[in-house]
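Here the structure comes first, spelled out in structure tokens, and everything after it is commentary.
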Amino acid sequence: MKEYKIAVIPGDGIGIEVVESAIEVITKQSKNKNYTFSLEYFDWSSEYYFKHNEMMPKDGIKQLKNFDAIFLGAVGHPDIQDHITLNGLLLPIRRAFDQFACVRPSILYPGVESPLKNIKPYDIDLVVVRENTEGEYANVGGFQYRDFPEEIAVQSAVFTRKGCERVIRYAFELAKSRNKKNHVTSITKSNAQGYSMTLWDRVFNEVKIDYPSIKTNSLLIDAACMDFLRRPKEFDVVVASNLFGDILTDIGAIITGSMGLASSGNIDPTNNSPSMFEPTHGSAPDIAGKKIANPMAQILTAAIMLDHLGEKDSAQELELSVKKVLEKGDTLTPDLGGESQTNDVTSAILSLL
């Protein structure tokens, strides 16, 4: 029997609650399969930071490297600036394991209401592929004359031909495998960013030649934001830089009903290193501990993890179970207009496995 070694980092806030739900679900599911999980928990979180002045130990990457996958809840705390949690845990893991493709689907499931008018289930079915290791989040720059009136801050984006090409090519391969609209949209801002984004545009135009069966277009990020709202049906696979992908996926989550359904995978397509799977809703400190967090994003994230590990039937089964609970509509958390608690939703999904 195949055993998958999973590093579990519940993190902060609702991350702890929804990870518990997702682990319960995939553990039960695995009992009827030809694989099992070996889970190891890591307490790296804001509480860890308060005790040790760091988000994870200095050998944290070394501790994670032999796992098959990393399953993360959320990190973030009102008393810690976001750049500390981002640069102390998430970005180091993404970069160390070269998880260059951040895959974030946005699907309007039956039973979920979009804030957009005249949108039916599955009218929105898109995936944003976000470049995940360089770009605007490369954290290159510095300060001069810090805390003086003349203070200067320099923040540089880093775009490499290799980084652009591999994530763009991944997006085309994903469009082929989805076999839905067979379309890739590139997100740019080359009218204002004359170096980084013109490199991105040139590489996109070169790569698309290798995929004659895939239709393409290119949108400026501001136009793309508008079209996510006014023409979301037209999108299939969207490929974007680190910052632009981050912006668009928040819009994608909201137009498909809730951040509580926003799943995500930080993928190393080469499988040389573990990939990391996390929902995008954050730690939500305003509802942490109230037992009303929606576990569906974490459970759908587990489905992405299973698919990446090669357990595609289990991934589809898990997504179908979530879909059925949504469609039935009588066990939903407040973010989706219901009154159920986290454990109620978890139990409903478990009953369908």
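Just a few scattered comments:
Every residue, every condition in (1) of a type in the set (S, T, N, Q); (2) touching a Leu at 6+ places or on another chain (Cβ under 6 Å); (3) closer than 22 Å to SER114 by Cα; (4) modelled with pLDDT of 95 or more, yes or no:
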residue	(1), (2), (3), (4)
GLY289	no, no, no, no
ASN294	yes, no, yes, yes
ALA297	no, yes, yes, yes
LEU300	no, no, yes, yes
GLY310	no, no, no, yes
SER314	yes, yes, no, yes
GLN341	yes, no, yes, yes
LEU353	no, no, no, no
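- Considering region 191-231, and only residues there that are buried (at least 17 other Cβ atoms within 10 Å of the Cβ) and part of a loop (DSSP other than H, G, I, E, B), the residue that is modelled with the lowest pLDDT turns out to be GLN193.
Condition check ((1) assigned to a strand (DSSP E or B); (2) basic (Lys, Arg); (3) under 20 Å from ALA171 (Cα atoms); (4) within 20 Å of the chain's Cα centre (by Cα)) across all residues:
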position	(1), (2), (3), (4)
LEU89	no, no, no, yes
ARG94	no, yes, yes, yes
PRO110	no, no, no, no
PRO115	no, no, no, no
ASN118	no, no, no, no
ASP123	no, no, no, no
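- Qualifying positions in region 39-50 - of a type outside the set (A, V, I, L, M, F, W, C), touching a residue at least 12 places away in the same chain (Cβ under 8 Å) and surrounded by 15 or more Cβ atoms within 10 Å (Cβ to Cβ): SER45, SER46, TYR49
- Screening ALA69 against (1) of a type in the set (A, V, I, L, M, F, W, C); (2) over 23 Å from CYS102 (Cβ atoms); (3) in contact with a Ser or Thr (Cβ under 8 Å, 6 or more places away or on another chain) leaves a single unmet condition, (2).
- Given (1) of a type in the set (Ser, Thr, Tyr); (2) crowded, with 24+ Cβ neighbours inside 10 Å; (3) more than 28 Å from LYS117 (Cβ to Cβ), number of the condition THR256 does not satisfy: (3)
- Inter-residue pairs, beta-carbon under 8 Å, first closer than 23 Å to GLU17 by Cα and in region 51-77, second in a loop (DSSP other than H, G, I, E, B) and of a type in the set (S, T, N, Q), 6+ apart: MET55/SER45; GLY73/SER283; ALA74/SER283; VAL75/SER45; VAL75/SER283; GLY76/SER283; HIS77/SER283
The values are calculated or read from the model by the stated rules, or taken from the named source; none is laboratory data. These numbers were taken from a predicted model, which means no experiment stands behind them. Cβ coordinates were reconstructed from backbone atoms using ideal geometry, including for glycine residues, and neighbour counts include every protein chain displayed.
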